[in-house]
Amino acid sequence: MPTKIAIIDDHQLFREGVKRILDFEPNFEVVAEGDDGSEALSLVETYRPDVIIMDINMPKINGVEATRELINHYPDSKVLILSIHDDENYVSHALKTGATGYLLKEMDADALIDAVKVVADGGSYLHPKVTHNLVKEYRRLAINDNNQEGGQFQQAEVRRPLHLLTRRECEVLQMLADGKSNRGIGEALFISEKTVKNHVSNILQKMNVNDRTQAVVEAIKNGWVFVN
């Protein structure tokens, strides 16, 4: 069965562009479109999409409010937020209301397709730039908590998880923490995006996590990556 998708965005040209990208994927089917968050509930009731792609800024009801309403009525709804904002406050607010993904509108087509696949399969997906900002916020909070307890937060060394990952996978994990996209990692390591995806998949499996963000958070907790 194809993955059924609803797109809700008040900019028609952008919405049509997203639909065109998704229509090229054989296992995707865009079943509904809307131009405001006020339509979200009725579209889900009528078409029962597997994934709802939701713009965060809309005139009547914004994407965060619409997501909250959707989750109240349909707790299993999988909402992928689209936004121009990479600030961690926007991201945290969207995730707290029940969104399972957050993409920036500067994404490329591959990122959009990957995000829909991950969210449809029950995972969560954050744009690499957003992940990096959350990592920095996580580190800031860790420093504050440590200082309040009278300690001195510092990361003297990185303990590479060579008992679990290969050296190449350790390099990829560090670049995930740096907020690099698959393309950026490939360019830095002189390997193809397909090879990067294979490395990421292996990392997730070995670390027993569902997505890149969880992998980065676990890596930080274990001191496996350096955080700027």
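The values are calculated or read from the model by the stated rules, or taken from the named source; none is laboratory data. The structure presented is a predicted model; accordingly, all values stated were derived computationally and were not measured. Glycine also receives a Cβ, built like all others from the backbone with ideal geometry; neighbour counts cover every protein chain displayed. Surface accessibility is based on the protein's heavy atoms, side chains included, excluding ligands, DNA and RNA. Shrake-Rupley method; radii C 1.70, N 1.55, O 1.52, S 1.80 Å.
For V30, the residues whose amide H sits under 5 Å from its own are I5, ignoring neighbours fewer than 5 places away on the same chain, with H placed 1.01 Å from N.
Pairs from the table (K105/K197; K194/K221; K60/K96; K60/K117; K96/K197) lying more than 26 angstrom apart at Cα are K194/K221; K60/K117; K96/K197.
Sites counted here are chymotrypsin sites (Phe, Trp or Tyr not before Pro) in a DSSP loop (not H, G, I, E or B) having no more than 14 other Cβ atoms within 10 Å; the longest part of the chain that contains none of them is 25-152. Could you list log10 I(q)/I(0) for region 16-120 at q = 0.14 Å⁻¹, which the Debye formula gives when each Cα is one point scatterer? Debye output, listed in q order: -0.49. Once C-alpha pairs closer than 8 Å and six or more residues apart are averaged by separation and normalised to the residue number of the chain, the relative contact order reads 14 percent. Computed over the chain, the percent of Cα pairs more than 21 Å apart is 57. Rolling a 1.4 angstrom probe over the chain with all protein chains present gives an accessible area of which 47% lies on carbon and sulfur atoms. Computed from phi, the 3J(HN,Hα) profile of region 57-71 under the Karplus parametrisation 6.51, -1.76, 1.60 (θ = phi - 60°) reads 10, 9, x, 8, 10, 6, x, 5, 5, 5, 5, 4, 5, 4, 5 Hz, with x in place of Gly and Pro.
The longest part of the chain holding none of the exposed loop trypsin sites (Lys or Arg not before Pro), meaning those outside H, G, I, E and B in DSSP with at most 14 other Cβ atoms within 10 Å, is 61-158. Centre-to-centre, using Cα atoms only, region 64-87 and region 12-50 are separated by 14 Å.
For the chain, the per residue solvent-accessible surface stands at 52 Å², with DNA, RNA and ligands left out and a 1.4 Å probe. Think of the chain as a dipole: +1 on every Lys or Arg Cβ, -1 on every Asp or Glu Cβ, centred on the Cα centre; then among W224, L162, H132, L162 lies furthest on the positive end.
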